[in-house]
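Structure first, then comments.
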Amino acid sequence: MLRHRLDVTGDPQVRNIHSDPVKVAAARLGVGENAQHVVDFWAEGYLEEAGTDRTFLVVGTGQPIPDGARHWGTTDRTPDGLVWHLYEIPQT
């Protein structure tokens, strides 16, 4: 099982993974109110094998979802009261 990290930026991000995400969680890098929000997800994989590039997007509650996006999971509410949703953007 491998962990993959996405920044909460509103921009699509490519990750090389071997299988579909199975768990999604919110975290912060650092401490204090300026600590960066991130979303981690876990997927089965192997460090010694190449995976497939896939494009993901972290969406906040109430934000628009791109057409054709696939939902992979939702984080628990953070101590700040935020909830993030992990979507995969289809390859074009």
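The values are calculated or read from the model by the stated rules, or taken from the named source; none is laboratory data. What you see is a predicted model; the values in this text were computed from it and never measured. Cβ coordinates were reconstructed from backbone atoms using ideal geometry, including for glycine residues, and neighbour counts include every protein chain displayed. When the accessible area is computed, the model is the full protein with side chains, heavy atoms only, and any ligands, DNA or RNA have been set aside. Shrake-Rupley method; radii C 1.70, N 1.55, O 1.52, S 1.80 Å.
Residues being assigned to a loop (DSSP other than H, G, I, E, B) and more than 14 Å from residue 39 (Cβ to Cβ): count how many of those fall in the stretch 63-88.
Step one: list which residues in the stretch 63-88 are assigned to a loop (DSSP other than H, G, I, E, B), which gives 63-69, 75-83.
Restricting the remaining residues to those that are more than 14 Å from residue 39 (Cβ to Cβ) gives 64-69, 79, 81.
Counting residues in the stretch 63-88 that are assigned to a loop (DSSP other than H, G, I, E, B) and more than 14 Å from residue 39 (Cβ to Cβ) gives 8.
Total residues in the stretch 27-46 satisfying the condition of being open to solvent by less than 40 Å² (accessible area, probe 1.4 Å) and either of a type in the set (D, E, K, R) or under 10 Å from the mean Cα position of the chain (by Cα) (or both): the figure is 4. Residue 12 falls short on exactly one of the conditions (1) open to solvent by 50 Å² or more (accessible area, probe 1.4 Å); (2) of a type outside the set (A, V, I, L, M, F, W, C); (3) free of Cβ contacts under 8 Å to residues at least 60 places away in the same chain, and that condition is (3).
Taking the stretch 9-35 as the range and being of a type in the set (Val, Ile, Thr), at pLDDT 95 or above and assigned to a loop (DSSP other than H, G, I, E, B) as the test, only 22 passes.
Within the stretch 47-62, restricting attention to residues that are assigned to a strand (DSSP E or B) and loosely packed, with under 11 Cβ neighbours inside 10 Å, which residue is farthest from the chain's Cα centre (by Cα)? So that I can check it myself, show each step before the final result.
Of all residues in the stretch 47-62, those assigned to a strand (DSSP E or B) come to 52-60.
The next check asks that each one be loosely packed, with under 11 Cβ neighbours inside 10 Å; those that pass are 52-53.
Values: 52: 16, 53: 14 Å.
Selected residue: 52.
Would you point out which residue out of 74, 78 is over 12 Å from the mean Cα position of the chain (by Cα) and in contact (Cβ under 8 Å) with a residue 24 or more places away in the chain? Walk me through how you get there before you give the answer.
Numbers: 74 fails: over 12 Å from the mean Cα position of the chain (by Cα).
So the residue among 74, 78 that is over 12 Å from the mean Cα position of the chain (by Cα) and in contact (Cβ under 8 Å) with a residue 24 or more places away in the chain is 78.
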